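Read the structure below first, then the notes.
The values are calculated or read from the model by the stated rules, or taken from the named source; none is laboratory data. Since the model is a prediction, treat every value here as computed from it, not as a measurement. All Cβ positions, even for glycine, are placed from backbone atoms using ideal geometry, and neighbour counts span all protein chains on display.
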Protein chains: 2
Amino acid sequence: MLAVAFTSDEHIEAPRPANANPRKPSGLLSQLTGGTPRVVDAKDHVFREGDPATSVYRVESGHVCLYRLMPDGRRQVMDFAYPGDFIGLGALGHHAASAQATEKTRLCAFAVATFREIARNQPSLSLNLYEAVSQELQATREMLMNVCQRTALERVASFLLELSRRNERRGEAAHDIVLPMTRTDIADFLGLTIETVSRTFTKLRQDGVIDLEQCILVSIRDPQKLEGLSGGRVERNA
Amino acid sequence: MLAVAFTSDEHIEAPRPANANPRKPSGLLSQLTGGTPRVVDAKDHVFREGDPATSVYRVESGHVCLYRLMPDGRRQVMDFAYPGDFIGLGALGHHAASAQATEKTRLCAFAVATFREIARNQPSLSLNLYEAVSQELQATREMLMNVCQRTALERVASFLLELSRRNERRGEAAHDIVLPMTRTDIADFLGLTIETVSRTFTKLRQDGVIDLEQCILVSIRDPQKLEGLSGGRVERNA
DNA sequence: CGAAGGTTTGACATTAGTCAACTCCGGTGG
DNA sequence: CCACCGGAGTTGACTAATGTCAAACCTTCG
């Protein structure tokens, strides 16, 4: 059963706070209940590129890495989905990306057919869908900018700042970051090699900008300096 | 007045031919009539990053370059809009990119408020909106892949092939390409410098893959070789 | 004809990638 | 308990690709 609670009346032009999570839709979508639970182990796939897009998923716990492959094996990580984020939303017919859990992950599946059913009767939901995908589009364009125009150092710096802001939005410690992904995932996300990512982390540590207790624990010691190194924030929804 | 003709009944899962134009929505959107005409000269802006998104536009003739700027002036071109393409669709509240005509361009403006009005009563239209933005999302992800994972030569080759396919879809000569944008636009689109773009064109010419009559006229002499140099196509909607 | 803007070309500098060795950590089994 | 193994991460030396700077070359347009 799919239940929707109606509380919001803002639509297309509704502005949204600049620090809102672009992949965590507000409005009706976030209030969906009654999906089918699903658990996947680390490295398992939720779906793969080309699979028929029969469901969308909300991440309940754990993390999911969304990526695409080139024929020769080069990989581009498109996004990392955190708890509360939806994955599979922008698919038309077939998934255009693969979704792989970076650790044991719980999800909640909603059938696309049910979505369509509801959308027919409730224009509000389809507008929310539109908004959710638009948010995702903004985020992807932002990323295009981040990755294509920035140097390795700037990419890593903005990556860390982005994770920091994500923590902040979730009410967690802004400057203590747990990386739920490997260096390989980060490298494929930022369009760099693992060696370059590693060297850049080391440089940031040596310069006193971050601490690196274990390789998955980053704490930001000098947020201002990190901001400066990031090449300037490109404001979402500006 | 905004008129919509209803002919299509396929929605979210409807697959779409692989060579469909991702920015030229099928269904209701393409059949919109009654928008407000607007003409902009070469280098004029249709809208700028941060402007309130009050209208969406359909390009009637000419070409529009969509880009974003970083604080220090670096520029990322997100897309080039051709006649029939919609621009401004994914905006939420404010435009996230600037839209600049590369030549004298005629547009047709549709008020966002009117869209919302219709969408309230016609779920089909909001689903079409959803699909249109989803298409745009796919295209942007594709581009992320193209630009982040490919070498300069591969980027230029796929760029030319993409333009060739666009010609084909419009029923024009697939192998004779008129570039409606400057080298600077291409460079900022592909994440390269104008020098690298220029050198790459020269190399393709010297290798007999393309002809370069004037700098805006490219003809593809060896499509197979160009395809090979592009590093493999990443199929849309795969 | 001359100026301006866009394009091409060359010499050189810099960044990031490649290849290879080494380290660190966690898990497994003797 | 400890040794070994494998995977992930780090570091170093070297290479290749792309960017930078500068000059020359076209076109177009006044």
### Of all residues making up the stretch A:176-191, the number that are assigned to a loop (DSSP other than H, G, I, E, B), more than 8 Å from DNA strand D (Cβ to nearest atom) and out of contact with any Ser or Thr (no Cβ under 8 Å at 6 or more places or on another chain)
1
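Kindly indicate whether residue A:143 is within 15 Å of DNA strand D (Cβ to nearest atom) and closer than 30 Å to residue B:189 by Cβ.
The answer is no for residue A:143.
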### Query
What is the number of the single condition among (1) loosely packed, with under 15 Cβ neighbours inside 10 Å; (2) within 16 Å of DNA strand D (Cβ to nearest atom) that residue A:200 does not meet?
(1)
### Query
Exactly one of (1) more than 15 Å from DNA strand D (Cβ to nearest atom); (2) surrounded by fewer than 19 Cβ atoms within 10 Å (Cβ to Cβ) is unmet by residue B:210. Its number?
(2)
### Task
Name, by its number, the condition in (1) in contact with a Lys or Arg (Cβ under 8 Å, 6 or more places away or on another chain); (2) closer than 30 Å to residue A:198 by Cβ; (3) away from DNA strand C (no atom under 16 Å from the Cβ) that does not hold for residue A:145.
(3)
## Note on the structure
Taking the stretch B:144-162 and keeping residues out of contact with any Cys (no Cβ under 6 Å at 6 or more places or on another chain) and at the interface with chain A (Cβ under 7 Å from one of its Cβ atoms) leaves B:144, B:145, B:148, B:149
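Report, by residue number, each residue of the stretch A:179-193 that is of a type in the set (A, V, I, L, M) and near DNA strand C (Cβ under 8 Å from one of its atoms).
Scanning the stretch A:179-193 gives A:187, A:192.
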### Residue identified as within 12 Å of DNA strand C (Cβ to nearest atom) and either in contact with a strand residue (DSSP E or B) (Cβ under 9 Å, 6 or more places away or on another chain) or of a type in the set (A, V, I, L, M) (or both) among B:211, B:176, B:222
B:211
### Query
If residue A:114 passes every condition in (1) surrounded by 17 or more Cβ atoms within 10 Å (Cβ to Cβ); (2) modelled with pLDDT under 90 but one, which one does it miss?
(1)
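Select, from A:90, A:62, A:84, A:73, the only residue that is in contact with a Ser or Thr (Cβ under 8 Å, 6 or more places away or on another chain) and closer than 30 Å to residue B:187 by Cα.
Result: A:90 is the single residue among A:90, A:62, A:84, A:73 that is in contact with a Ser or Thr (Cβ under 8 Å, 6 or more places away or on another chain) and closer than 30 Å to residue B:187 by Cα.
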### Task
Tell me which residues, restricted to the stretch A:213-226, are aliphatic (A, V, I, L, M) and either free of Cβ contacts under 8 Å to residues at least 24 places away in the same chain or away from DNA strand D (no atom under 16 Å from the Cβ) (or both).
A:226
### strands (runs of 3 or more DSSP E) (entirely within the stretch A:69-132) containing at least 1 residues that are within 11 Å of chain B (Cβ to nearest Cβ) and in contact with a Gly (Cβ under 8 Å, 6 or more places away or on another chain)
A:75-81
### Query
Can you find even one residue in the stretch B:227-234 that is aliphatic (A, V, I, L, M), modelled with pLDDT under 95, more than 16 Å from DNA strand D (Cβ to nearest atom) and closer than 22 Å to residue B:76 by Cβ?
yes
### Message
Looking at the stretch A:187-208 only, could you name the residues that are in contact with a strand residue (DSSP E or B) (Cβ under 8 Å, 6 or more places away or on another chain) and closer than 27 Å to residue A:141 by Cβ?
### Response
A:188, A:189, A:191, A:201, A:204
### Query
If residue B:167 passes every condition in (1) within 14 Å of another protein chain (Cβ to nearest Cβ); (2) within 29 Å of residue A:92 (Cβ to Cβ); (3) free of Cβ contacts under 8 Å to residues at least 24 places away in the same chain but one, which one does it miss?
(1)
### Summary
Residue pairs qualifying under the 7 Å Cβ cut-off, at least six apart or on distinct chains, with the first in the stretch A:125-144 being within 13 Å of residue A:90 (Cα to Cα) and the second being of a type in the set (Val, Ile, Thr), are A:130/B:133; A:133/B:133; A:134/B:133; A:137/B:133; A:137/B:140; A:140/B:140
### Message
Based on this model, can you work out whether residue B:141 counts as facing chain A (nearest Cβ under 9 Å), surrounded by fewer than 17 Cβ atoms within 10 Å (Cβ to Cβ) and modelled with pLDDT under 95?
### Response
no
### Query
residue B:231: of a type outside the set (Ser, Thr, Tyr), buried (at least 19 other Cβ atoms within 10 Å of the Cβ) and in a loop (DSSP other than H, G, I, E, B), yes or no?
yes
